[in-house]
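Written out below as structure tokens is the structure these notes cover.
The values are calculated or read from the model by the stated rules, or taken from the named source; none is laboratory data. A quick note: this is a predicted structure, and the numbers were derived from the prediction, not measured. Here the Cβ positions follow ideal geometry from the backbone for every residue, glycine too, while neighbour counts run over all protein chains shown. All accessible areas refer to the heavy atoms of the entire protein, side chains included, with ligands and DNA or RNA removed. Shrake-Rupley method; radii C 1.70, N 1.55, O 1.52, S 1.80 Å.
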Amino acid sequence: MRTTALARISVGVTVERRKARSAWADFLWRPVSVFTGSPSAAPWTPLGMEAETTLFYAGQAAIELHRTETSSYRDNLVSGAPALWIVLRPTASELPYELVAVTADPAEGEGFTDAGNSLVEQVPMPPDIAEMVGHFVAQHHIDRPFVKRRRDGPTLPDRKERNEQ
């Protein structure tokens with residue numbers, strides 16, 4: 001697949017499975033963290049158990065950084081609580097979810113929520129990833145002033161002319 005990304009940050013994702021207290025679901029799943037690099041563990045390897053909760057390594061993804069999205073990245077970084085959005089899609093196989101994407105763009109993260117049955121969660125952005133995104137923004141961001149579009153004038157005849165026709 002071709003991409004227009006100028007930079008990619010390789011990350012691993014951890015997901016929590018918690019026993020549900022519901023008649024409709026056995027477990028509740030939610031992404032809990034992202035870390036840089038890629039471990040040698042296979043996706044969906046259990047990392048630890050505690051009471052009714054199990055932590056899994058869900059797999060590897062790449063955060064793609066695009067020059068046209070630097071305003072969104074910058075807004076995310078200065079928000080006071082920089083975040084990443086993780087997208088998981090249910091599978092029909094023995095694995096519970098497929099890791100679809102990890103993004104630092106809030107608009108893209110929100111856009112994934114429109115997809116239907118995907119699980120989209122926001123997690124805190126680790127400081128080392130925030131630093132890499134910050135360097136990308138510093139290198140590629142160009143402030144573009146907002147220009148309000150002006151109409152070329154009336155496109156419909158005024159009321160008097162319409163009544164005369």
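Of all residues in the stretch 7-38, those satisfying the criterion of being loosely packed, with under 13 Cβ neighbours inside 10 Å and of a type outside the set (S, T, N, Q) are Arg8, Arg21, Ala23, Trp24, Ala25, Asp26, Gly37. Taken over the stretch 72-90, the criterion of being open to solvent by 50 Å² or more (accessible area, probe 1.4 Å) and of a type in the set (S, T, N, Q) is satisfied by Ser79 alone.
The condition (being within 15 Å of the chain's Cα centre (by Cα), over 14 Å from Val11 (Cβ atoms) and touching a residue at least 60 places away in the same chain (Cβ under 8 Å)) is satisfied by just one residue among Leu119, Leu99: Leu119. Arg74 falls short on exactly one of the conditions (1) in contact (Cβ under 8 Å) with a residue 40 or more places away in the chain; (2) touching a strand residue (DSSP E or B) at 6+ places or on another chain (Cβ under 7 Å); (3) outside any strand (DSSP E or B), and that condition is (2). Looking only at residues in the stretch 113-145 that are more than 18 Å from Val100 (Cα to Cα), open to solvent by 30 Å² or more (accessible area, probe 1.4 Å) and part of a helix (DSSP H, G or I), which one is modelled with the lowest pLDDT? Going through the qualifying residues, I end up with His140.
Could you tell me whether Glu108 is open to solvent by 30 Å² or more (accessible area, probe 1.4 Å), in contact with a helix residue (DSSP H, G or I) (Cβ under 9 Å, 6 or more places away or on another chain) and under 25 Å from Phe56 (Cβ atoms)?
yes
Set side by side, the residues Thr53, Thr70 differ, and just one is among the β-branched types (Val, Ile, Thr) and in contact with a Lys or Arg (Cβ under 7 Å, 6 or more places away or on another chain), which is Thr53. The set of residues from the stretch 39-71 being hydrophobic (A, V, I, L, M, F, W, C), surrounded by 13 or more Cβ atoms within 10 Å (Cβ to Cβ) and not in a strand (DSSP E or B) comprises Ala41, Trp44. For the stretch 4-41, the set of residues classified as over 17 Å from Asp128 (Cβ atoms) and in contact with a Pro (Cβ under 7 Å, 6 or more places away or on another chain) consists of Val15, Trp29, listed by residue number.
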